[in-house]
Number of protein chains: 2
Amino acid sequence: MVVVVRGEIRLTTGKIAVQVAHAAVLLAERAAAQEPRVYHEWRQQGQKKIALTVERLDELERIDRAARARGILTAWVEDAGLTEVAPGTRTCLGLGPARNSDLDPITGSLPLL
Amino acid sequence: MVVVVRGEIRLTTGKIAVQVAHAAVLLAERAAAQEPRVYHEWRQQGQKKIALTVERLDELERIDRAARARGILTAWVEDAGLTEVAPGTRTCLGLGPARNSDLDPITGSLPLL
């Protein structure tokens with residue numbers, strides 16, 4: 001599982017962590033329902049996650065399209081906007097769980113968060 | 001849901017976000033299985049999460065005991081230690097989901113992460 005955070009939005013560490021956690025819970029639930037074999041393999045291997053970053057929203061949108069074209073689950077997180085950003089702001093995109101060989105062509109070149 | 005991160009361990013933002021996400025997934029799964037009513041209420045209200053911090057492990061252990069004594073689910077996250085910390089290092093503690101009125105006496109005075 002990979003979560004890509006939109007770097008142009010300035011958030012506190014705690015806020016970023018919560019956004020990434022939202023994405024992870026959404027993806028885990030969807031995978032458990034839609035792809036139970038992939039989900040159980042991911043859980044048994046320690047529910048691996050990695051957090052990456054891109055600068056701009058249009059890059060995140062391109063990553064979303066590329067992942068879905070490969071059949072990888074994606075989940076957008078929108079912030080409720082109660083504190084640091086405007087309501088409905090898309091803060092990050094989660095992808096997977098999926099094999100490294102499927103994720104690497106899409107996110108393998110992005111910097112670590 | 002509250003995730004309390006051990007501040008004395010210095011990790012990158014991305015690593016902290018992943019630890020918080022591990023706790024959130026563990027708690028969401030346990031709640032769905034053990035406390036479905038609490039879980040569904042939490043999901044319907046936007047799966048609220050907050051990330052807090054304490055300085056030392058013994059404070060986290062005290063919080064864990066206090067939460068469990070009140071019947072609140074808790075989940076420790078241990079880092080696999082592949083990158084930034086020693087294997088098995090406990091990095092954070094997740095609590096909930098639970099009502100604010102149950103969590104506040106335990107974590108209400110802690111600083112935001």
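Can you give the accessible area buried between chains A and B, summed over both chains, with a 1.4 Å probe, in Å² to the nearest 100?
The A and B chains share an interface burying roughly 1800 Å².
Calculate the translational D of the protein assembly as shown in whole µm² s⁻¹ from Stokes-Einstein, where the hydrodynamic radius comes from the Kirkwood formula applied to all Cα pairs, the temperature is 10 °C and the viscosity 1.306 mPa s.
Reported coefficient: 90 µm²/s.
Pull up all non-local amide H partners of residue B:53: gap of 5 or more, or a different chain, and H-to-H distance under 5 Å with H placed in the peptide plane.
B:5, B:113
What does the charge add up to near residue A:44, with Lys and Arg as +1, Asp and Glu as -1, over the other residues with Cβ less than 15 Å from its Cβ?
Computed value for this residue: +2.
Averaged across the residues of B:66-73, what count of C-beta atoms belonging to other chains lies within 10 Å of each residue's C-beta?
Average neighbour count from other chains, rounded to a whole number: 0.
Counting only other chains, what is the mean number of Cβ atoms within 10 angstrom of the Cβ of each residue in peptide A:96-105?
Mean inter-chain Cβ contacts per residue within 10 Å come to 0.
Calculate the translational D of region B:2-107 in whole µm² s⁻¹ from Stokes-Einstein, where the hydrodynamic radius comes from the Kirkwood formula applied to all Cα pairs, the temperature is 37 °C and the viscosity 0.692 mPa s.
235
Say the dipole of region A:58-113 comes from +1 at the beta carbon of Lys and Arg and -1 at that of Asp and Glu; which of A:110, A:85, A:100 then lies farthest toward its positive end?
It is A:100, whose Cα lies furthest towards the positive end.
Per residue, how much accessible area does the protein assembly as shown show when a 1.4 Å probe rolls over the protein heavy atoms, in square angstrom?
49
Inside 10 Å of the C-beta atoms of A:44-52, what's the mean count of C-beta atoms belonging to other chains?
Across A:44-52, the average partner-chain Cβ count within 10 Å equals 4.
Could you count how many Lys pairs in the protein assembly as shown have their Cα atoms under 19 Å apart, skipping same-chain pairs fewer than 8 positions apart?
8
Could you go through region A:6-16 in sequence order and give the Karplus-derived ³J(HN,Hα) for each residue, using 6.51 cos²θ - 1.76 cosθ + 1.60 with θ = phi - 60°, rounded to whole Hz, and x for Gly and Pro?
Computed from phi, the couplings for region A:6-16 are 7, x, 6, 8, 8, 10, 5, 4, x, 5, 4 Hz.
FRET efficiency for residue B:10 and residue B:102, Cβ-Cβ distance as r, R0 = 35 Å, nearest 0.05?
0.65
The values are calculated or read from the model by the stated rules, or taken from the named source; none is laboratory data. Note that the structure is a prediction, hence the values are computed from the model and not measured. Here the Cβ is made from the backbone with ideal geometry for all residues, glycine too, and neighbour counts use every protein chain on show. With ligands, DNA and RNA removed, areas are computed over all heavy atoms of the protein, side chains included. Shrake-Rupley method; radii C 1.70, N 1.55, O 1.52, S 1.80 Å.
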